[in-house]
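Please read the structure below before turning to the comments.
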Amino acid sequence: MPAAEVDVSPDLVRRLLAAQQPDLAHLAIEVMAHGWDKVMCRVGDVLAARLPRREVAARFLVNEQRWLPVLEPRLPLPVPAPARVGQPGPGYPWPWSIVPFLPGQVASRNPPADLRDAAVSLGGFLGALHIPAAPDAPVNPSRGVPLADRSAAVTQNLSVLGGLVDRRAVMRVWEAAIAAPTWDRSPVWLHGDLHPANILVHRGRISGVIDFGDITSGDPATDLSVAWMLLPAECHDAFRNAYRAAGGYEYAASEDGWARARGWALALSLVFLAHSADNRPLAEIGHHTISAVLA
């Protein structure tokens, strides 16, 4: 993964809390997880601190702070909308957030007990999320864009992986996906990074969606790719039906949209496989997803 530009430790979080949120500074602090861009620390029993570990991620965190509270009221699953906003402080140069702690474990470690129920829940969530985005909604150069814009990255990641994947099979699926008509409707709101490590499961059911750091606007096929990451093929129809029933664009769940979603799943699986040598959970998501896409 990319190297951290700032070492986010419990001591650093406590100093920031003491300076900016003193009523929380006495609470226990524990590092929960760190990804490519951010570190999550548990703060007491009901809160968590979310801090960028790289400068590029600070801009994404600001997008999350600005837009997730706007979208949260219409979403049928809990999301970690920021409860408090932190500012740069001694030893830390970027904005940061205090968010609610949502119970559960990520689906990559703790899959849902009933995958058809999970398909309905996740489809309903995305149908509610994928409404026309605000005119000043963020855009992302690698998510929500026309699928063909990812071709260079697909080629590069295939080069990195060499013989670890079936290049001919990958290219057959990829060429079919980019041949599908592009999204020509208004851009919709997207999670932007919806994979099983960003979906929570509690007591066997999907209980929340986390990490909106890539929140953006564009083609909903980007998010619909989660079907290949989490759900067996026999649950895809339930997922698409729930998406439509919750208000998702009919065209997004059409055969053209579904072809693009499969292409997004393929492209993202290659990213996970090529860049997760030190992140076993993401590598496992990559292996599972590419197998599902090529099946």
Stick to the Cα atoms of the chain, pair each with every other, and give me the Kirkwood hydrodynamic radius in Å at one decimal. 19.6 Å
Output the relative contact order of segment 1-126, whole-number percent, from Cα pairs under 8 angstrom with separation of 6+ residues. 21 percent
Fully extended, how many nm does the chain gain between A28 and R66 (0.36 nm per residue separation, minus their Cα-Cα distance)? 10.9 nm
In Å², and per residue, what accessible area does the chain have when probed at 1.4 Å with the other protein chains present? 43 Å²
Give the angle, between 0 and 90 degrees and rounded to the nearest 10, that separates the Cα long axis of helix 10-20 from the longest principal axis of the Cα atoms of the chain. 70 degrees
Longest to shortest principal axis, alpha-carbon extents of segment 126-264, angstrom: 39, 39, 28
To the nearest 10 degrees, the tilt of helix 280-294 (Cα long axis) against the first principal axis of the alpha carbons of the chain is 20 degrees
Long-range share for segment 249-295, i.e. C-alpha pairs more than 15 Å apart as a percent of all pairs, stands at 46 percent
Dipole of the chain [Lys/Arg +1, Asp/Glu -1 at C-beta], most positive-end residue of A58, S186, H26: H26
Over the chain, with every protein chain in place, what whole percent of the accessible area is carbon and sulfur at 1.4 Å, could you tell me? 54 percent
Pairs of alpha-carbon atoms within less than 8 angstrom and 6+ residues apart define the contacts here; what relative contact order does the chain have, in percent? 20 percent
Distance from the Cα centre of segment 224-281 to that of segment 77-141, in angstrom? 17 Å
Suppose every Lys and Arg Cβ carries +1 and every Asp and Glu Cβ carries -1, with no other charges. What dipole size does segment 236-285 come out with about its Cα centre, to the nearest 20 debye? 40 debye
May I ask you to derive the relative contact order of segment 147-249, considering only C-alpha pairs under 8 Å and at least 6 residues apart, and to give it as an integer percent? 22 percent
Test of understanding: in a Gaussian network model of the chain with alpha carbons linked when under 10 Å, which of D136, D193, D223 would top the mean-square fluctuation ranking? D136
Would you be so kind as to identify which of F239, N157, M1 lies farthest towards the positive end of the dipole of the chain, taking Lys and Arg as +1 and Asp and Glu as -1 on Cβ and the Cα centre as origin? M1
So, in nm, how far is label A152 from label D184 when the simple model puts each one 7 Å beyond its Cα toward the Cβ? 2.6 nm
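The values are calculated or read from the model by the stated rules, or taken from the named source; none is laboratory data. Computed from a predicted model, the values in this text were never measured in an experiment. For neighbour counting, all protein chains shown are included, and Cβ atoms are generated from backbone atoms with ideal geometry for every residue, glycine included. Remember, those area values only see protein heavy atoms, side chains included, never the ligands or the DNA or RNA. Shrake-Rupley method; radii C 1.70, N 1.55, O 1.52, S 1.80 Å.
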